[in-house]
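J.: The structure's right below; bear with me while I get my questions together.
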Amino acid sequence: MQRGSRVLMALVVALLALGGVLGYRGELGFERTAPQEFVAATPAPVPLDPGLVAAQVQPVLVNISVDANRFGTAAAGSGIVLTADGQILTSHHVIKGAEAVSVTDIGTGQRYPATVLGYDSGTDVALLALVGASGLPTARIGSSAGLRIRQDVLAIGDAGGDGGAPTSVAGPITDLDASIVAMNSADLSRKSLRGMVEIAAPVVGGQSGGALADGTGAVVGVITAASGDRGEQDRQPKPAHGYAVPIDTAMGIVAQIRSGTPTDTVHIGPTATLGVQIVDAKPAGARVDWAFFGQPARAAGISDGDVVTAVDGASVTTARALSVAIGRRKPGDVVRLDVTAPDGTTRVVEVVLAEGTPN
């Protein structure tokens, strides 16, 4: 069977939040100095040598390939090696919808199958585990707490999406708390991201999941999105910008995943699915717009137009509430759904959850 098109995994900024995110918002503070006794001395950032830093970071990056057969696509992104036995930090959108994930060690060219240990779609962070890996060089993780406006940093990842050597672009930090709405280049879905580090550099597809590094070669962010000129003739060209999840935020999600304890936002292990497309119901509940053939909900007798109002006795008032409830379960779990049919009749349906793709 012929494989579908290849997608360079990137979130493209579609719309920025109000307040001039692309402006130098952080610079406003430089004119307001506190009394001397309250100013803490902080060391100046190490000047960035792009070639030197790229040489330090490249060995701890991997290339990620994803098969999403449901959509007829293959995709590519980057990742950061956290442990010698193959825990990989990457962006959630790189592995979203993945039915199979493989990872290539850039240094040796060795290819590993990978499993998804967990993810947080809200912050666009995912943690993978390589099967059979050992002795991998690991990234030196820094802190994003000390980053400064105008500090030069380096974004590095597999920009071509071809599994080759990483490429890098350098630029100054222009915002430390950017809010964006980004569009996934693979499925055209949009998501809001907050607290992003913004850099004035032409980050491109394939670098998603790669590293944002400081002058010491420490990883201070995970590349997640890019923006730039769309080529509209009636507008002035817009400078290219890249966006990264601060490493302190990303490693907090990693710690939560490693703990094995899910939250409303952090998913652990394989993804369970009902196999439905849902929207908010009126006045409350999650309405099934489409119950997919061959999937658990339809097999259990749930039809298009049914409204789910509870899971295992716990009330469900929105589509998101149903998604969160199922997200806390595992494939193979049996759930009891309170269901209201379009004609108003109610029933309780037992459904055995199947394994789905990271969503």
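The values are calculated or read from the model by the stated rules, or taken from the named source; none is laboratory data. Bear in mind that the values here come from a model prediction, so they are computed numbers and not experimental data. Cβ: placed from backbone, ideal geometry, glycine included. Neighbour counts: every protein chain shown. SASA here: full protein model, heavy atoms, side chains in, ligands and nucleic acids out. Shrake-Rupley method; radii C 1.70, N 1.55, O 1.52, S 1.80 Å.
J.: Name the residue that is most open to solvent (accessible area, probe 1.4 Å), counting only residues in the range 241-263 that are at pLDDT below 95 and polar (S, T, N, Q).
T.: Per the stated criteria, the residue is T261.
J.: Check whether at least one residue in the range 264-272 is at pLDDT 95 or above and either touching a Leu at 6+ places or on another chain (Cβ under 6 Å) or surrounded by fewer than 15 Cβ atoms within 10 Å (Cβ to Cβ) (or both), and report yes or no.
T.: no
J.: Still on this model: Of all residues in the range 326-353, how many are at pLDDT below 95 and part of a strand (DSSP E or B)?
T.: Total meeting the criteria: 0.
J.: Another question, if that's okay. Within the range 345-359, which residues are among the β-branched types (V, I, T) and within 24 Å of the chain's Cα centre (by Cα)?
T.: Once the filter is applied, which keeps residues that are among the β-branched types (V, I, T) and within 24 Å of the chain's Cα centre (by Cα), the range 345-359 yields only T357.
J.: Then there is this: Within the range 141-148, can one find any residue that is open to solvent by less than 50 Å² (accessible area, probe 1.4 Å) and either of a type in the set (K, R) or at pLDDT below 95 (or both)? Explain how you work it out, then say what you get.
T.: So the first thing to find is which residues in the range 141-148 are open to solvent by less than 50 Å² (accessible area, probe 1.4 Å), and the list is 142, 144, 147.
Still in the list and also either of a type in the set (K, R) or at pLDDT below 95 (or both): none.
No - not one qualifying residue is present in the range 141-148.
J.: With respect to the numbered conditions (1) in a helix (DSSP H, G or I); (2) within 25 Å of the chain's Cα centre (by Cα); (3) over 30 Å from V169 (Cα atoms), which one is the sole condition not fulfilled by V254?
T.: (3)
J.: Next question, about the same structure. Quick check: anything in the range 192-214 part of a strand (DSSP E or B), open to solvent by less than 30 Å² (accessible area, probe 1.4 Å) and on the phi > 0 side of the Ramachandran plot?
T.: From the range 192-214, those part of a strand (DSSP E or B) are 192-199, 211-213; that's our starting set.
When the remaining residues are screened for being open to solvent by less than 30 Å² (accessible area, probe 1.4 Å), the result is 193, 195-199, 211-213.
Retained after the next criterion (residues that are on the phi > 0 side of the Ramachandran plot): 195.
Checked the range 192-214: at least one residue is part of a strand (DSSP E or B), open to solvent by less than 30 Å² (accessible area, probe 1.4 Å) and on the phi > 0 side of the Ramachandran plot.
J.: Any idea how many residues of the range 277-325 are open to solvent by less than 60 Å² (accessible area, probe 1.4 Å), part of a loop (DSSP other than H, G, I, E, B) and hydroxyl-bearing (S, T, Y)?
T.: 2
J.: Continuing with the same structure: Sort out which residues of the range 174-191 are of a type outside the set (V, I, T), touching a strand residue (DSSP E or B) at 6+ places or on another chain (Cβ under 9 Å) and open to solvent by 10 Å² or more (accessible area, probe 1.4 Å), and write them in order of number.
T.: Answer for the range 174-191, where residues must be of a type outside the set (V, I, T), touching a strand residue (DSSP E or B) at 6+ places or on another chain (Cβ under 9 Å) and open to solvent by 10 Å² or more (accessible area, probe 1.4 Å): L176, D177, S179, M183, S185, A186, D187, S189, R190, K191.
J.: Can you confirm whether R140 is of a type in the set (D, E, K, R), more than 29 Å from V324 (Cβ to Cβ) and without any contact (Cβ under 8 Å) to a residue 60 or more places away in the chain?
T.: Against the criterion (of a type in the set (D, E, K, R), more than 29 Å from V324 (Cβ to Cβ) and without any contact (Cβ under 8 Å) to a residue 60 or more places away in the chain), R140 does not qualify.
J.: Of everything in the range 321-359, what is without any contact (Cβ under 8 Å) to a residue 12 or more places away in the chain and either among the basic types (K, R) or under 24 Å from K96 (Cα atoms) (or both)? Give them in sequence order.
T.: R347
J.: Report, by residue number, each residue of the range 99-120 that is surrounded by fewer than 19 Cβ atoms within 10 Å (Cβ to Cβ), among the charged types (D, E, K, R) and under 30 Å from K191 (Cα atoms).
T.: E99
J.: Okay, moving on. Would you point out the residue of the range 127-180, among those that are over 22 Å from the mean Cα position of the chain (by Cα) and of a type in the set (S, T, N, Q), that is farthest from A54 (Cα to Cα)?
T.: Residue satisfying both the conditions and the ranking: S134.
J.: Would you mind telling me which numbered condition in (1) farther than 20 Å from L212 by Cα; (2) surrounded by fewer than 18 Cβ atoms within 10 Å (Cβ to Cβ); (3) modelled with pLDDT of 95 or more; (4) not hydrophobic (A, V, I, L, M, F, W, C) R70 fails?
T.: (3)
J.: Only strands (runs of 3 or more DSSP E) wholly contained in the range 78-165 count here; list those with 1 or more residues that are in contact with a Leu (Cβ under 8 Å, 6 or more places away or on another chain) and over 16 Å from V219 (Cβ atoms).
T.: Counting at least 1 such residues, we get 100-105, 111-120, 125-130.
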